[in-house]
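A short worksheet on the structure shown next.
The values are calculated or read from the model by the stated rules, or taken from the named source; none is laboratory data. These numbers were taken from a predicted model, which means no experiment stands behind them. In this analysis, Cβ positions are derived from the backbone assuming ideal geometry, glycine residues included, and neighbour counts consider all displayed protein chains. Each accessible area value is taken on the protein alone, full model and side chains, heavy atoms only, with ligands, DNA and RNA left out. Shrake-Rupley method; radii C 1.70, N 1.55, O 1.52, S 1.80 Å.
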Amino acid sequence: MTQNQTPYKVQQNLIKVATFNLFNYMEPPSAYYDFENIYDSEQWQKKQRWIRDYLSECQPDVIGFQEVFSPDSLQQLLSEQGYPYFAVVDQPTLITDYIFKSPVVAIASRYPIQSVEAVIADKEKATMMGLNEGFSFSRKPLRATIELPDLGLCDCYVVHFKSKRPTTDDADIDAKNNADKNSEADITQILTQAVTGSWASSIQRGSEAALLLTHIIERRIQTKNPAMLMGDFNDDLKDGVLRHLLTYTTAGASETKEGFVPTQLQDSWELFKKVLLLNEQDASSLPNLATKADNNSSDNRTDIIARPFSHYYANKGSVIDYILLSCEFDTEYLENMAEVIAYHTYDRHLINPIFDRDSHSTDHAVVMISIKTRS
């Protein structure tokens, strides 16, 4: 974390927060996963330029990053772009020589980061969930407490939950590679391992979300800080193993009890829609609400309400990048401190890519919200 004081013109009562999967951000001559995966000088410059162009165009104030292989390089780039505060809590794993795996998450901010920690899986809670005592996050989540204008201290969490790729150990991989594809037994083994490996990934991802949520709840009750959870969730938030991130309720606890702080998180997209409906205005009358980065999307309410995808696989779109917020950002909460007035999905490199501009960008959209504070 650096404290280089870079001048920045603060936008009155407005804070922009983004989640940004960088897609293999690895400075050459190091390689990610395989010795063939090394950017040449031109490719690396294009990737760096693409990130700078996004920052210049959209100007987020707080950014949660995923797939960071080169934290020092990223910190330098961000410092040059007016982000004096930066933090990571882990390092990629060296496989051999200059080849790395296990990228980490990071956070950058225009505002002071007061404290940083890695969220570690609680052994007792993991055991209660039926997990091994040695359970750990596939990628360590990061919690940074940031001093934000009008909001004060805010706990910002950055995550990259386990992917849907089947969890398979090296022995299984070797068995698949050496298998006789014409053998019925080998085919059966490959198929059954795919099923069990896929479910193992789901268990890991869902368990990570549950353990992180317990950490957020405990810290919310202790500090009463507003909270943000941002990152690549690798799954649909409203279905399956991540659903409990939103459906946790305070049943059994009185919200009227003195000092009690509601702990449920809400999807910023839903909070944004709530503001639209509350204001009873057409999208065309609200500034900066376009969901497409190229600003070519229609300005009618139907198009704005239709949530844009943040990732595409085999031509199928999905939303897997999220920003969740605590009750202080909900207009219906009595002690509301802010509201989500814009939700922006930067996806032109996915929808209408231009090779010279986008060839070394990212395979995710960058999701950003604009929060208006009540001063």
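Counting only residues that are open to solvent by 30 Å² or more (accessible area, probe 1.4 Å), at pLDDT 95 or above and not in a strand (DSSP E or B), segment 10-29 holds 3 of them. Scanning segment 224-265 for residues that are at pLDDT 95 or above and outside any loop (DSSP other than H, G, I, E, B) turns up A227, M228, L229, M230, G231, D232. State whether one or more residues within segment 349-363 are over 14 Å from F309 (Cα atoms) and among the basic types (K, R). Looking for residues that are over 14 Å from F309 (Cα atoms) and among the basic types (K, R), one finds at least one in segment 349-363, hence yes. Open to solvent by 20 Å² or more (accessible area, probe 1.4 Å), within 27 Å of N225 (Cα to Cα), assigned to a strand (DSSP E or B) and not small (G, A, S) - does that describe any residue in segment 343-361? Looking for residues that are open to solvent by 20 Å² or more (accessible area, probe 1.4 Å), within 27 Å of N225 (Cα to Cα), assigned to a strand (DSSP E or B) and not small (G, A, S), one finds at least one in segment 343-361, hence yes.
Just so you know, in segment 131-149 the residues that are assigned to a loop (DSSP other than H, G, I, E, B) and touching a residue at least 24 places away in the same chain (Cβ under 8 Å) include one that is farthest from A227 (Cα to Cα), and it is L131.
Tell me, please, whether a residue that is within 17 Å of D235 (Cα to Cα), modelled with pLDDT of 95 or more and among the charged types (D, E, K, R) can be found in segment 313-333. Checking segment 313-333: at least one residue is within 17 Å of D235 (Cα to Cα), modelled with pLDDT of 95 or more and among the charged types (D, E, K, R). Among the residues of segment 113-137, those that are under 30 Å from P84 (Cα atoms) and touching an Asp or Glu at 6+ places or on another chain (Cβ under 7 Å) comprise Q114, A118, F137. The C-beta contact set for segment 66-81 (first residue in a helix (DSSP H, G or I), second residue not small (G, A, S), distance under 6 angstrom, 6+ apart or interchain) comprises P71/V88; S73/E27; L74/V68; Q75/F86; L78/F86; S79/N4. Looking across segment 101-117, the residues that are within 17 Å of S30 (Cβ to Cβ) and buried (at least 21 other Cβ atoms within 10 Å of the Cβ) come down to P103, V104, A106.
Contact annotation: residue pairs with Cβ atoms under 8 Å, 6 or more positions apart or on different chains, pairing a residue in segment 36-65 that is farther than 25 Å from T96 by Cα and touching a residue at least 24 places away in the same chain (Cβ under 8 Å) with a partner that is of a type in the set (S, T, Y) and surrounded by fewer than 17 Cβ atoms within 10 Å (Cβ to Cβ), are K46/S359. On inspection, Y346 passes the criterion of being modelled with pLDDT of 95 or more and hydroxyl-bearing (S, T, Y).
Report whether or not E42 is open to solvent by 40 Å² or more (accessible area, probe 1.4 Å) and more than 24 Å from K162 (Cα to Cα). Yes; evaluated as a whole, the condition is true for this residue.
Only one of the listed residues (T145, T93) is open to solvent by 40 Å² or more (accessible area, probe 1.4 Å) and of a type in the set (V, I, T). That residue is T93.
Scanning segment 309-334 for residues that are open to solvent by 10 Å² or more (accessible area, probe 1.4 Å) and within 29 Å of K164 (Cα to Cα) yields F309, H311, Y312, Y313, A314, N315, K316, G317, S318, V319, I320.
Here is a yes/no grid of residues against (1) farther than 30 Å from S370 by Cβ; (2) open to solvent by 10 Å² or more (accessible area, probe 1.4 Å):
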position: D53; (1), (2): no, yes
position: G64; (1), (2): no, no
position: S79; (1), (2): no, yes
position: V119; (1), (2): no, no
position: N132; (1), (2): yes, yes
